[in-house]
Every structure is written in structure tokens, then in C-alpha cells.
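The values are calculated or read from the model by the stated rules, or taken from the named source; none is laboratory data. Quantities reported herein were computed from a predicted structural model and do not represent experimental measurements. Here Cβ is always computed from backbone atoms with ideal geometry, including for glycine, and neighbour counts include all displayed protein chains. Ligands, DNA and RNA are excluded from the accessible area calculation, which covers all protein heavy atoms including side chains. Shrake-Rupley method; radii C 1.70, N 1.55, O 1.52, S 1.80 Å.
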Amino acid sequence: MKKEELNIPRLFGEQVKKYRNKKGLTQEQLSERLGISQKHLSIIETGTQFASASLIEKISKELNVPPSLLFGGSENNEIRSLVGIMTSQYNDLLNKISLLNINLQNEITALKTELKERR
């Protein structure tokens, strides 16, 4: 049994069609939003022609999906990636809050000492 070769333009086109349909758009509607002809979008969706980098970016924005999903990436991977970024940002904020708390405690201690000395 021969393994099927990866056809990037066809995979990309299938994904564009899938997400276009999920968004409830016709080829005509999406092509109008992208500033291309319906025929151009059709040949991209069939994998006959591949989109330029700038068109890939426009398609991604119009369909509101990361470019990686248009190349067959997994939504689970995207979610894991976002969770990783959010966790990292959350940890950074916790560290900043902790440092602020230490600085505040030091300031309070210094003020208490100063008040005792004035009495």
C-alpha cells in the first residue's frame, strides 16, 4: 500500500473551504472580502494554485483562524499553545506582585521604625 503524498496546496485549499463553510460564507462573499475573484478563490480551494503569503494572511484574518490551522494544524495544539502563553504571563504577573509585596513590606517596616524613632 503506497502512502499518499502530502499535497500542501490541496491541504491548504481544503482547510480554507472548511473554515469558510464554518463561518457561513460563500466563495463569492469571501473572495469579495479578500479582494480577489471568486475563480481565484475556487482554484485555491481545489489546490490547483497556491496562495501568496499576503493572501494567506488575509484569509487567516477573514476566517479568524491562525495560519497553522489552514495548513492542517490541530486546534488542540493552538489551545495548548495559548494556555502555555497565558500560564507564562500569569506567572510573570505573580512574580511582579510578589516583588511589589516585598517592597511594600519593606517600606512599612521602614516607616514603623521611623515613627518609633520620632517618639
Task: Relative contact order [Cα under 8 Å, 6+ residues apart], region 14-115, whole percent - done: 23 percent
Open item on the list: Spelling out what I want: for every residue of region 38-53, take phi, set θ = phi - 60°, compute 6.51 cos²θ - 1.76 cosθ + 1.60 (Karplus), and round to whole Hz; glycine and proline get x.
Closed with: 5, 5, 4, 4, 4, 6, 5, 5, 7, x, 5, 9, 9, 6, 6, 4
Open item on the list: Students often check this: by mean Cβ neighbours within 10 Å, which of 12-18, 63-69, 49-55 ranks highest, and how do the rest follow?
Closed with: 12-18, 63-69, 49-55
Open item on the list: Using only the alpha-carbon atoms of region 1-50 as identical scatterers, what base-10 log of I(q)/I(0) does the Debye formula give at q = 0.17, 0.24, 0.30 Å⁻¹?
Closed with: -0.49, -0.84, -1.13
Task: Cβ charges +1 (Lys, Arg) and -1 (Asp, Glu), total dipole of the chain, debye - done: 200 debye
Task: Solvent exposure, largest accessible area first (probe 1.4 Å, DNA, RNA and ligands not counted), of Y19, Y90 - done: Y90, Y19
TODO: For region 7-21, just list the computed ³J(HN,Hα) in residue order, Karplus coefficients 6.51, -1.76 and 1.60, θ = phi - 60°, integers in Hz, with x standing in for Gly and Pro.
DONE: 10, 4, x, 5, 4, 4, x, 4, 5, 4, 4, 4, 6, 5, 5
TODO: Please work out the FRET efficiency for the pair L100 and S68, using the Cβ-Cβ distance as r and a Förster radius of 35 Å; give the result to the nearest 0.05.
DONE: 0.45
- [ ] Could you give the spread of the C-alpha atoms of the chain along their three principal axes, from largest to smallest, in whole angstroms?
- [x] 86, 42, 23
Task: Surface share of carbon and sulfur [accessible, 1.4 angstrom probe, percent] for the chain - done: 54 percent
